[in-house]
Amino acid sequence: MADSTPERYDPDRIEKHWQARWDQEGTNRFTRAELEEAREPFYNLMMFPYPSAEGLHVGNIYAFTGADVHGRFHRLQGKDVFEPIGFDAFGIHSENFALKVGTHPMDLIPANVANFTRQLRRIGGMFDWDHTVDTTAPDYYRWTQWLFLQLFKGGLAERKEAPVNWCPSCMTVLANEQVVAGLCERCDSAVEQRRIAQWFFRITDYAQRLLDNLETLDWSDTTRKAQENWIGRSEGAILRFPVLGVEATDELIRSVTDSGEVEEGARDRDLLLEVFTTRPDTVFGATYMVLAPEHPLVDALTTPEQQEAVAAYRERVGRMDVVARKKVEKEKTGVFTGGYCRNPATGEPVPVWVADYVLMEYGTGAIMAVPGHDERDFEFARSFHLPIPRVVAGPDQGADTPLEEAYTGPGTLVNSGEFDGLEVERAKEAITRRLEEQGLAQLRVNYRLHDWCISRQRYWGPPIPIVHCDRCGAVPVPEEELPVILPRVEDFKPDDSGVSPLARVREWYETDCPECGSPARRETDVSDTFLDSAWYFLRYPSTDRDDVPFDPAITRRWLPVDAYIGGNEHAVLHLLYSRFVTMALHDLGHIDFEEPFTRFRAHGLIVREGAKMSKSRGNVIVPDPIIEEYGADTFRLYLMFLGPFEEGGDYRDSGIQGPFGFLKRLWETVVPVEALGDEEPDPEVERKLHQTIRQVTRQLPELGYNTSIAAMMEYLNTVRAGGRKAVRAEVEPLVVMVAPFCPHMAEELWARLGHEGSVFDGANWPGFDPEKAKEEQVTLAVQVNGKLRGTVELAPGASQDEALALARAEENVSRHLEGVELRRVIYVPNRLLNLVVG
RNA sequence: GCGAAAGUGGCGGAAUUGGUAGACGCGCGAGACUUAGGAUCUCGUGGCCUCGUGCCGUGGGGGUUCGAGUCCCCCCUUUCGCACCA
């Protein structure tokens with residue numbers, strides 16, 4: 001007891017002790033009743049991890065700690081903070097790893113989840129372990145399947161044969177979002193095009209709303225911008241070019257109309273080739289047209305003489321992989337079909353070409369080429385010696401100014417008949433309106449966004465709950481029969497057949513049609529992992545309900561999510577899909593909000609010694625040994641201290657000494673609590689304290705962690721300055737301010753200071769008194785002609801005259817005033833006095 | 001190519017948004033106290049010199065202003081998105 005040697009800071013003991021206590025006392029857990037009755041619900045969400053075999057990496061810990069600090073801060077201010085965590089364990093990632101190590105994912109995942117759970121507990125997150133999800137658990141993916149059925153019934157899920165991105169290495173289709181520069185996002189293989197019947201979600205129906213709502217969201221700008229770009233709205237027009245010399249058959253008409261309907265009388269009119277353009281104003285300069293090689297009209301337009309050449313070209317393009325095809329720098333290639341259309345503006349016939357620089361998946365898969373005012377068309381026209389007329393004149397240009405390159409700037413129309421002289425923007429309108437009168441144009445907004453292909457020809461995912469019946473077609477599995485259990489299949493290796501490994505399991509896929517009872521076949525594709533994560537935040541508060549996906553009352557109370565923190569790598573994928581699913585559920589009447597995440601902040605990336613971390617570089621930070629050596633509190637504090645949370649930071653191994661030393665000093669300042677004085681705080685220290693509380697209270701909600709920590713360090717330096725002894729009132733508020741970062745340390749000190757229970761139970765965040773934060777003296781910078789010549793001390797709010805008098809008394813200032821005239825005095829109270837002389 | 005962000009000591013990074021540039025921390029240097037604890041404490045630490053409270057200094061060059069890291073224009077570099085999107 002009366003040990004003379006002071007007690008050392010022992011993070012390991014303290015942290016284990018408090019983690020056990022939080023567990024025992026349910027400090028971070030909510031009961032059903034608590035969720036139902038929470039007065040100030042605050043849903044603090046972080047992106048759940050994929051439980052890899054390697055365990056948590058620093059990036060995870062960085063993100064989770066930042067989110068946890070945010071949640072703990074709000075809790076200390078009296079909010080009921082719900083902070084769940086779970087595991088996103090389905091998907092190709094897990095499956096490929098399982099294949100690599102030769103262990104079944106059903107065995108592998110539980111082990112990984114257990115390891116992650118251990119690590120997540122060890123870092124001291126405020127997680128509610130009674131409300132956790134594992135996307136691979138049947139009682140979770142049952143509801144993922146339910147979600148699919150709701151969208152299906154709402155007409156938002158449809159099966160269609162479509163060209164899809166096929167990764168020959170992963171042997172599955174990929175969503176557009178998962179193809180990066182023509183390569184598979186996961187394995188970097190060149191993606192191929194295949195036509196396979198796939199399930200799609202009609203996210204494009206929501207394109208405009210997804211775009212419009214962005215403005216209402218409190219999100220990181222970079223993330224909103226990424227979504228905006230991804231949705232890729234562009235305004236323009238559909239123009240229709242009558243096809244010359246081709247009879248309009250029903251089949252041809254159907255192939256080029258959206259609806260697939262043949263309108264009354266359409267057969268007697270010209271067949272029309274539709275193009276999308278953002279520059280209808282340049283239609284007079286459209287001297288040729290280009291079809292994508294896959295365009296349905298290619299065959300009809302190709303003349304017998306050109307048949308061979310066109311077929312050869314299409315074959316060549318078809319063989320080419322998508323990367324090669326999408327390479328921008330390559331020379332433009334193409335071939336003439338022999339066919340012609342009539343330019344609706346000039347009435348002139350224009351030749352129709354086929355070229356791979358026109359993509360079937362964008363717009364209508366056909367363009368009018370305006371070589372004079374489009375860089376790609378210009379390049380193509382050059383290669384094939386096609387005419388390049390000018391139809392727009394920029395400033396200092398005339399109708400006959402030669403075109404050395406495509407002119408895409410502003411200007412007025414030339415060589416465009418009656419529209420000559422119109423400014424570009426007005427010409428767009430005028431020309432479109434004119435052509436519209438003839439049924440040859442229509443304003444159109446086009447989006448880059450495509451429908452979301454959710455089918456995966458793989459094993460490790462939730463089976464899509466559909467039964468294919470020869471008589472009834474695609475029939476949804478009745479909701480009461482969910483989940484459709486993913487069977488344990490030992491041979492789950494994918495193959496190149498274009499169907500899932502489940503298609504090899506006859507006893508599984510053979511079933512009866514839920515509608516007519518005749519023999520039928522289950523859908524053997526599984527759904528995309530992004531579907532699992534597109535709704536998990538709805539499930540967390542309701543994990544104890546096995547009869548509904550989410551409890552209506554609890555959902556109303558807790559959602560939308562108040563604060564969401566995660567990586568910007570999910571800026572377009574996960575976040576866009578989650579928004580879409582939420583909107584769809586809203587429209588289908590399941591929830592009363594349409595945006596899932598009120599506030600989203602993307603955290604930065606951690607690099608190490610200035611270099612990106614990667615396994616191949618061998619410079620990854622392994623967290624466990626660091627935590628073992630310094631404790632979770634120090635590790636958390638250091639990670640948050642590295643740099644601005646939203647920008648990331650550079651992890652330097654030696655840097656951890658700073659935060660560790662800070663905690664040690666804090667410990668030594670407080671710990672023999674009997675030695676703390678009980679008297680009033682020192683006025684200087686108290687002033688600094690209130691300034692610190694003010695700063696930290698303002699910065700924490702804005703994720704200004706590094707500067708908040710710096711402020712607390714500064715304050716502790718003040719408390720200990722000159723080896724002085726602290727009094728209780730000086731350190732107790734600091735203990736609370738440190739708590740979001742170092743919860744174990746804070747709990748321990750809080751208890752030793754004589755408090756019952758957890759520091760996080762109760763609104764213990766210190767308040768500040770602006771009066772007490774006020775300086776008695778301020779230092780005023782004195783400049784002469786903008787150059788610093790001295791400083792003077794005076795009372796805050798002192799008058800200019802007082803300041804001037806004091807400044808004149810400064811020798812170094814007065815020296816610069818000698819022999820010159822004082823022309824002007826600039827006085828910024830409490831900050832600066834600038835004397836302009838000359 | 002388009003879009004966005006960022007360039008500040010040996011290093012990570014601050015700067016109340018136009019008002020003393022370099023807080024806080026790492027590292028480094030000097031000292032005090034220690035026979036022990038990865039300590040702790042004090043002082044110093046942008047560059048230059050003629051060591052004056054002097055000059056220069058926030059990627060480079062101009063500009064606005066009493067005053068610019070901060071605002072404007074041009075250029076350079078880096079990072080990250082998107083990329084033949086019509």
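Classified by the C-alpha gyration tensor, the stretch A:233-447 has an oblate form. Its axis ratio a/c, with a ≥ b ≥ c, is 1.5 or above, and a/b does not exceed b/c. Which distance in Å, rounded to a whole number, links the C-alpha centroids of the stretch A:701-716 and the stretch A:776-820? Their Cα centres are 32 Å away from one another. A Förster distance of 30 Å, applied to the separation of the beta-carbon atoms of A:Asn619 and A:Cys187, puts the FRET efficiency at 0.85.
In this calculation the C-beta distance from A:Glu437 to A:Glu674 is compared with R0 = 56 Å, giving a FRET efficiency of 0.05. Dipole size of the stretch A:700-759 about its Cα centre, with +1 on Lys/Arg Cβ and -1 on Asp/Glu Cβ: approximately 320 debye, rounded to the nearest 20.
Taking every alpha-carbon pair under 8 Å whose residues sit at least 6 apart, the stretch A:775-837 reaches a relative contact order of 41 percent.
Once R0 is set to 30 Å, what does the formula 1/(1 + (r/R0)^6) return for the Cβ-Cβ distance between A:Asn229 and A:Glu54, expressed as a FRET efficiency to the nearest 0.05?
Details: r = 32 Å, r/R0 = 1.08.
Between A:Asn229 and A:Glu54 the formula returns 0.40.
Where does chain A land at 222 nm, in deg cm²/dmol rounded to the nearest 500, when only DSSP H runs of n ≥ 4 count, each adding -39500 (n - 2.57), divided by all residues? Walk me through the intermediate numbers first.
Details: 29 runs with 294 residues, N = 838.
Using -39500 (n - 2.57) per qualifying helix, the result is -10500 deg cm²/dmol.
Its Cα gyration tensor gives chain A an equivalent ellipsoid, and the semi-axes of that ellipsoid, as √(5λ) in whole Å with the largest first, are 60, 41, 22.
Working from Cα pairs under 8 Å separated by at least six residues, relative contact order for chain A is 15 percent. The relative contact order of the stretch A:682-838, computed from alpha carbon pairs under 8 Å that lie at least 6 residues apart in sequence, is 19 percent. Is the shape of the stretch A:544-702 best called rounded, prolate or oblate, per the rule: a/c under 1.5 gives rounded, else a/b larger than b/c gives prolate, else oblate, with a ≥ b ≥ c the square roots of the Cα gyration tensor eigenvalues? Because a/c hits 1.5 or more and a/b fails to exceed b/c, the stretch A:544-702 counts as oblate.
Taking amide H positions as modeled 1.01 Å from N, with prolines and chain starts lacking one, the residues under 5 Å from A:Leu273 and 5 or more places away or on another chain are A:Phe241, A:Val243.
Taken over the stretch A:342-483, the ratio of Cα radius of gyration to 2.2 N^0.38 Å equals 1.64. Amide H contacts for A:Gly124 (H built 1.01 Å from N in the peptide plane; partners 5 or more residues away or on another chain; cut-off under 5 Å): none found. With the simple model of a label 7 Å out from the Cα in the direction of the Cβ, A:Ala781 to A:Arg316 spans 6.7 nm.
What fraction of the DSSP beta bridges in chain A is antiparallel, stated in percent and rounded to the nearest 5? If we restrict to bridges inside chain A, about 75 percent are antiparallel. If the segment from A:Glu423 to A:Ala20 were pulled out straight at 0.36 nm per residue, it would be longer than the present Cα-Cα gap by 137.7 nm.
How large a share of the accessible area of the stretch A:562-633, in percent, is made up of carbon and sulfur atoms when the probe is 1.4 Å and the other protein chains stay in place? Write out the running numbers ahead of the final one.
Values: 1440 of 2810 Å².
Here it works out to 51 percent.
Listed values for the stretch A:605-615 are Karplus-derived 3J(HN,Hα) couplings in whole Hz (6.51 cos²θ - 1.76 cosθ + 1.60, θ = phi - 60°), namely 10, 8, 10, 10, 6, x, 10, 4, 8, 7, 4, and x replaces Gly and Pro. Averaging Cα coordinates gives a centre for the stretch A:139-177 and one for the stretch A:196-236; these two points are 18 Å apart. Taking θ as phi - 60° and the Karplus parameters 6.51, -1.76 and 1.60, the scalar couplings of the stretch A:290-299 work out to 9, 9, 5, x, 8, 4, x, 8, 4, 4 Hz in sequence order, x denoting glycine and proline. Counting 0.36 nm for each residue step from A:Glu40 to A:Ser814 and taking away their Cα separation leaves a gain of 272.6 nm. Amide hydrogen proximity for A:Val350: with H placed 1.01 Å from N in the peptide plane, the residues at 5 or more positions away or on another chain lying under 5 Å are A:Cys341, A:Arg342, A:Asn343.
The label-point distance for A:His104 and A:Leu588, in a model that sets each label 7 Å from Cα toward Cβ, rounds to 3.2 nm. Subtracting the Cα-Cα distance of A:Glu404 and A:Glu802 from 0.36 nm times their residue separation leaves 136.3 nm of extension gain. When the alpha carbon coordinates of the stretch A:122-186 are projected onto the principal axes, the ranges are 46, 34, 17 Å, largest first. Kirkwood radius and radius of gyration were both taken over the C-alpha atoms of the stretch A:775-837, and their ratio Rg/Rh is 0.94. Label sites at A:Glu490 and A:Thr216, each approximated as a point 7 angstrom past Cα along Cα to Cβ, lie 5.5 nm apart.
Taking the convex hull of the Cα atoms, report for the stretch A:623-772 its projected area averaged over all directions, in nm².
Values: hull surface 37.5 nm².
Computing the convex hull of the Cα atoms and averaging its projections yields 9.4 nm².
Could you order peptides A:629-639, A:488-498 by the average number of other Cβ atoms within 10 Å of their residues, highest first?
On the way: A:629-639: 24.8, A:488-498: 13.4.
Final packing ranking: A:629-639, A:488-498.
How far is the Cα center of the stretch A:491-536 from the Cα center of the stretch A:593-667, in Å? Their Cα centres are 42 Å away from one another.
Remark on the stretch A:327-383: hydrodynamic radius 12.3 angstrom, per the Kirkwood mean of 1/r across alpha carbon pairs. Taking θ as phi - 60° and the Karplus parameters 6.51, -1.76 and 1.60, the scalar couplings of the stretch A:810-823 work out to 6, 4, 5, 7, 4, 4, 7, 9, 5, x, 10, 8, 7, 8 Hz in sequence order, x denoting glycine and proline. A:Glu821 contributes about 110 Å² of solvent-accessible surface, heavy atoms of the protein only, 1.4 Å probe.
The values are calculated or read from the model by the stated rules, or taken from the named source; none is laboratory data. None of the values given here were measured: they were computed from a predicted structure. Methodologically, a virtual Cβ is constructed for each residue, glycine included, from the backbone with ideal geometry; neighbour enumeration extends over all protein chains shown. Calculation scope for accessible area: heavy atoms of the full protein, side chains included, ligands and nucleic acids excluded. Shrake-Rupley method; radii C 1.70, N 1.55, O 1.52, S 1.80 Å.
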